[in-house]
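Peer 1: Provided herewith is a single structure, encoded as structure tokens, for subsequent inquiry.
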Amino acid sequence: MPDEISFFEGIEFNATTGKISGRCGNHTLTRVPRELLRFLIRNHGREVTFEDIISAVWVPGEQVGRKYAVRTHIWAIRRCLGDKKPFRLILNCSDGYKFVPQPTSKPPQEDPGPHYLKTRFSDDLLTRVSSIWAGIVGLMPGWTWIVLVMLVLTVAVTAVIWWRSPRVTEVKVHARPEGLRNGVFYTPTGVKIMAGDHVVLHASGRWNSGSNITDANGNPRDQCNCVVPGPNGALVGRIGNGGIPFLVGANKSFRSAEAGELWLTINDLAVPGCEGKPAGGCFEDNTGSLEVQIAVGK
């Protein structure tokens, strides 16, 4: 039979062998923690009690006094998954635990992210120019003036490539931002965008809107008329003070029709409910943050 493999949050877990790999490093679980994690994943999104876990992991006759053992194995599993306080993968519940991520049986497709622009505009073209120059110099070593011309052309092309290369910025966007813009609390990115720029955004991590713990795509089953009509908890942006807010999600690529600074926030209840409230406003019960990569090119 094929191995039972799950993928979640950049982590691969083989429930057959107990191997864990990915952004958290490489680890191998022994039988009990392996079966415990398998049980949590199979019951993802719902609270399982200590009694449920003990019945599923230990055979009859070995189930007495295992509550402390469950806590110990959960601690070990969290260390292997890199799940540190505040916990976001395995949550503590009143009488047990809940596995939060939605696991998949296939690895996620590789996201090119903002570095795609750097490769496209910089590396490939610079390599071709350098190869052509080296070939010409090799064929005509005595023609010094040609070498000088090629040097000037290389510098000019490199300058154009640098100008066209995207500016890549990484920012942390909090679920409880404090920069008020037109009644909505935003996180300033410091990224200036010109009309016609090609903008690529890539967000990772999870945050809490007060009613949903989600990634940058928000909860598709909780549609709200918040900063923008769409999923509660989604990443939202706007360009400039007078820009129209737009849905970003985990990945977005677009050519901007507006100019100004890029501001980002969480799709949560906005004006008029937040108007006049202290920093945080209707976002005051929000927690967590996202890491967002922003690439701006021509």
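Peer 1: Is at least one residue of the range 40-50 among the basic types (Lys, Arg), crowded, with 19+ Cβ neighbours inside 10 Å and within 26 Å of the chain's Cα centre (by Cα)?
Peer 2: No - not one qualifying residue is present in the range 40-50.
Peer 1: If VAL59 passes every condition in (1) part of a loop (DSSP other than H, G, I, E, B); (2) crowded, with 17+ Cβ neighbours inside 10 Å; (3) hydrophobic (A, V, I, L, M, F, W, C) but one, which one does it miss?
Peer 2: (2)
Peer 1: Moving on. Could you tell me how many of the residues in the range 230-262 are in contact (Cβ under 8 Å) with a residue 60 or more places away in the chain and within 16 Å of PHE283 (Cα to Cα)?
Peer 2: 1
Peer 1: Moving to a separate point now. In this structure, is ARG88 surrounded by 16 or more Cβ atoms within 10 Å (Cβ to Cβ) and assigned to a loop (DSSP other than H, G, I, E, B)?
Peer 2: Yes.
Peer 1: Another question about this same structure. Determine whether the range 253-260 contains at least one residue that is touching a Pro at 6+ places or on another chain (Cβ under 7 Å) and modelled with pLDDT of 90 or more.
Peer 2: No, there is no match, as no residue in the range 253-260 is touching a Pro at 6+ places or on another chain (Cβ under 7 Å) and modelled with pLDDT of 90 or more.
Peer 1: Now for a different question. With the requirement that a residue be in contact (Cβ under 8 Å) with a residue 60 or more places away in the chain and either crowded, with 21+ Cβ neighbours inside 10 Å or in a strand (DSSP E or B) (or both), what does the range 200-229 give you?
Peer 2: VAL200, LEU201, HIS202, ALA203, SER204, TRP207, ASN208, SER209, ILE213, ALA216
Peer 1: Give the range 236-245 a look and list any residue that's outside any loop (DSSP other than H, G, I, E, B) and either touching a Gly at 6+ places or on another chain (Cβ under 6 Å) or farther than 14 Å from TYR186 by Cβ (or both), or say none.
Peer 2: Matches in the range 236-245: ILE239 only.
The values are calculated or read from the model by the stated rules, or taken from the named source; none is laboratory data. On a predicted model such as this, the values are computed, not experimentally measured, just so you know. Every residue, glycine as well, gets a Cβ built from its backbone with ideal geometry; the counts of neighbours run over all protein chains shown.
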